[in-house]
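The values are calculated or read from the model by the stated rules, or taken from the named source; none is laboratory data. Keep in mind that this is a model prediction, so the values were computed, not measured. Quick reminder, even Gly has a Cβ in these numbers, built from the backbone with ideal geometry, and neighbours come from all protein chains shown. Note: accessible area is taken over every heavy atom of the protein model, side chains too, but ligands, DNA and RNA are not part of it. Shrake-Rupley method; radii C 1.70, N 1.55, O 1.52, S 1.80 Å.
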Amino acid sequence: MKNIVVLVSGSGTNLQALIDAQKRGDIPNGRITCVISSNPNAYALHRAKENGIGTRIIVPKEFPSKEIYTKALLEALFQEYADLIVLAGFMTILDPDIIRVYRNHIINVHPSLIPSFCGMGYYGLRVHEAVLERGVKYTGATVHFVDEIADDGPIILQRPVKVEPGDTPEILQRRVMEEAERKILPEAVALYCNDRLEVRGKTVVIR
């Protein structure tokens, strides 16, 4: 049974998708053991507590330096015996030291079909605004392993979502979350926990 630690900053809708999947038995070889928030007011903390999941609050700006914050976060991950770290709306860039320790054990969900509309500056509504400005016909979501470059790690799963006439960034964001993010994130977590993911360079092979 693998220990899953989820890092959050906001409402926790993708955390809820993981909790629901766990309750359905869709992640048979993993369990969410802790939710760590960078925001003390994140609603995700309420979701965790409602479901009996332990929580920690580690706020970056409360530490005198990024190095000390990174050390505190690493210590928390060690104490929680984290096997898999899931970034679910986590708005803090992880230090390379954390990525090196947990290489190919950290996954993130991004609201576009990487390599489109990704990288520094592409998060939240900005992604969907850029999609609509560019006029693409399909967007979607991607779950990938995290490396030192934003949204550049090996891709695990992707799911397309059609852009509809009259979409606003808010409407498109909701559709991408409902039709893609909340489906492929639990699926990717289950594949990881079942030892079915093999990373070969920049490619993930599903065994």
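Worth a mention:
- Of all residues in segment 1-44, those satisfying the criterion of being of a type in the set (A, V, I, L, M, F, W, C), in a loop (DSSP other than H, G, I, E, B) and under 13 Å from Cys193 (Cα atoms) are Met1, Ile27.
- Flag if Ala190 is small (Gly, Ala, Ser) and touching a residue at least 24 places away in the same chain (Cβ under 8 Å): yes
- Cβ pairs under 7 Å, 6+ apart, first in segment 126-153 and farther than 17 Å from Asn108 by Cα, second open to solvent by 10 Å² or more (accessible area, probe 1.4 Å) and among the polar types (S, T, N, Q): His128/Gln173
- Which listed residue, of Arg56, Arg47, is out of contact with any Gly (no Cβ under 7 Å at 6 or more places or on another chain) and not hydrophobic (A, V, I, L, M, F, W, C): Arg56
- Matching residues, segment 97-111, being among the β-branched types (Val, Ile, Thr) and assigned to a helix (DSSP H, G or I): Ile98, Ile99, Val101
- Note on segment 23-36: residues that are free of Cβ contacts under 8 Å to residues at least 60 places away in the same chain and open to solvent by 10 Å² or more (accessible area, probe 1.4 Å) amount to 6.
- Residues (in contact with a Phe, Trp or Tyr (Cβ under 8 Å, 6 or more places away or on another chain) and farther than 12 Å from Pro169 by Cβ) located in segment 111-133: Ser112, Leu113
- Residues being out of contact with any helix residue (DSSP H, G or I) (no Cβ under 7 Å at 6 or more places or on another chain) and of a type in the set (A, V, I, L, M, F, W, C) - total across segment 119-144: 4
- Listed by first and then second residue, the pairs linking a residue in segment 49-73 that is hydroxyl-bearing (Ser, Thr, Tyr) to a residue that is assigned to a helix (DSSP H, G or I), with Cβ atoms under 7 Å apart and 6 or more places separating them unless they lie on different chains, are Thr55/Leu45; Thr55/Ala48; Thr55/Lys49; Tyr69/Pro60; Thr70/Asp97; Thr70/Ile98.
- Looking only at residues of segment 45-96 that are part of a helix (DSSP H, G or I), touching a strand residue (DSSP E or B) at 6+ places or on another chain (Cβ under 9 Å) and open to solvent by less than 20 Å² (accessible area, probe 1.4 Å), we find that the one that is nearest to Leu197 (Cα to Cα) is Leu77.
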